[in-house]
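The values are calculated or read from the model by the stated rules, or taken from the named source; none is laboratory data. No experiment lies behind these values; they were computed from the predicted model shown. Using ideal geometry, Cβ is built from the backbone for each residue, glycine included, and neighbour counts are taken over all protein chains shown. Please note that ligands, DNA and RNA were not included when accessible areas were found on the heavy atoms of the full protein model with its side chains. Shrake-Rupley method; radii C 1.70, N 1.55, O 1.52, S 1.80 Å.
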Amino acid sequence: MKDLGAANQSLRNNVTAKDYDAIAKDAATFKASFAVARRHFGPAKQVDDAMKLAQDMARKAAADLETAAKAKSEEGVAAAQRAVGATCAACHMAHRERLQDGTFEIE
């Protein structure tokens, strides 16, 4: 999950710089990290909504981001970036708790 936070920060910087090769690398990091999230919430924890988000929405958003980066489509990258963020936000709202020290814990 920490890889996702770092990838999201990197993505923001790379979108600002319009560095499409770096954005494609960020997309690869998202794909790998979403696969880890899918395994984390999968059969062992039985968290169906989180698993579905990671499996369906997140995978599509990361693939769309990679496709848009390779096409050097500013609009496509922006749309995929919003989709990635929305996917992360949906899961975080449902499955993380803010601790007193300001950090978060995933349920």
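Sort 83-90, 30-37, 9-16, 95-102 by packing, meaning the average of other beta carbons within 10 Å per residue, with the highest value first.
Numbers: 83-90: 17.4, 30-37: 19.4, 9-16: 15.8, 95-102: 9.6.
Listed from highest to lowest mean packing, they are 30-37, 83-90, 9-16, 95-102.
How big is the charge dipole of the chain about its Cα centre, in debye rounded to the nearest 20, if each Lys and Arg gets +1 on its Cβ and each Asp and Glu gets -1 on its Cβ? If you can, show how the numbers build up before the last one.
Working: 16 positive and 15 negative charges, 41 e Å.
My answer is approximately 200 debye.
Taking +1 at the Cβ of each Lys and Arg and -1 at the Cβ of each Asp and Glu, which of 104, 76, 89 sits farthest along the dipole of the chain towards its positive end, judged by Cα position relative to the Cα centre?
Working it through, the farthest residue towards the positive pole turns out to be 76.
Measuring with a 1.4 Å probe in the full set of protein chains, what accessible area per residue, in whole Å², belongs to the chain? Walk me through the numbers on the way to the answer.
On the way: 6550 Å² over 107 residues.
With all protein chains present, the chain gives 61 Å² per residue.
Given H placed on each backbone N at 1.01 Å, which residues far from residue 96 in sequence or on other chains put an amide H within less than 5 Å of it?
Result for residue 96 returns 107.
Just to confirm the number: angle between the C-alpha axis of helix 59-71 and the first principal axis of the chain, 0 to 90 degrees, nearest 10?
Once rounded, the angle reads 10 degrees.
Would you list which lysines come within 30 Å of residue 72, measuring only between C-alpha atoms, while excluding same-chain residues fewer than 8 positions from it?
Partners within reach: 2, 18, 25, 31, 52, 60.
Fully extended, how many nm does the chain gain between residue 49 and residue 63 (0.36 nm per residue separation, minus their Cα-Cα distance)? Kindly include the intermediate steps, with their values, before the conclusion.
Working: separation 14, 0.36 × 14 = 5.04 nm, distance 2.01 nm.
So the extension gain works out to 3.0 nm.
Using C-alpha positions alone, give me the convex hull volume of the chain per residue in cubic angstrom.
Numbers: hull volume 9.1 nm³, N = 107.
With only Cα atoms used, the chain gives 86 Å³ per residue.
Could you tell me, in Å, what Rg and Dmax come out for the Cα atoms of the range 63-107?
Values for the range 63-107 (Cα only, Rg and Dmax): 14.7, 44 Å.
Over the chain, what percent of the accessible surface lies on carbon and sulfur atoms, probe 1.4 Å? Walk me through the numbers before you get to the answer.
Working: 3540 of 6550 Å².
Carbon and sulfur atoms account for 54 percent of the accessible area of the chain.
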